[in-house]
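What follows draws every value from the coordinates through simple rules; no lab data is involved. All values reported here derive from a predicted model rather than from experimental measurement. All Cβ positions, glycine included, derive from the backbone under ideal geometry; neighbour counts span all protein chains shown.
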Amino acid sequence: MLRITPDITLDESEFEEQFVRASGPGGQNVNKVSTAVQLRFNVFASPALPWDVRQRLIRLAGNRINSAGELIVTAQRYRTQAQNRADAREKLAGLVRAAAHRPKPRRKTRLSTAVKRRRLETKRRRGQLKRARRHPADEA
């Protein structure tokens, strides 16, 4: 069980891990050992995710979700499978946690009449100042 929030827990059977060879520097080790982890989690089929969280997760994940609805998280920061596995799970948990956060709705606000009047008065004064700087020949 992977606990995301007090309400959301993902069962181990909901995602699968595949170990692949990591890219980048590492000498002979990188060519011989499959330490990088590809964690696949089917967002569409998960019963643990509420509908609104699922929609936000799809939007957050972007191109990390394939056409089958699988969210693919890759971890290759560390040199061991165990560390990369934990890192991939933490990345998945972070994404789902971010999607679980309900955005605060925006409330429309109106400017007061006094604020509008002050802004226009400032603009008028600024324009007068600039007109006063002009050369008299420029007026024509």
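Annotations
- Applying 0.36 nm per residue to the separation of residue 42 and residue 66 and subtracting their alpha-carbon distance, the gain on full extension is 7.7 nm.
- Degrees between helix 51-61 axis and first principal axis of the chain (Cα, 0 to 90, nearest 10): 80 degrees
- Crossing angle, helix 81-100 versus the chain [Cα axis fit, 0-90 degrees, rounded to tens]: 40 degrees
- Angle between the chain longest axis and helix 113-133 axis [Cα atoms, degrees, rounded to 10]: 60 degrees
- Measuring r between the beta carbons of residue 16 and residue 109 and using R0 = 30 Å, the FRET efficiency lands at 0.05.
- Only lysines eight or more places from residue 32 in sequence, or on another chain, were considered; those with a Cα closer than 26 Å are 91.
- Take the Cβ atoms of residue 1 and residue 80, set R0 to 25 Å, and the FRET efficiency comes out at 0.65.
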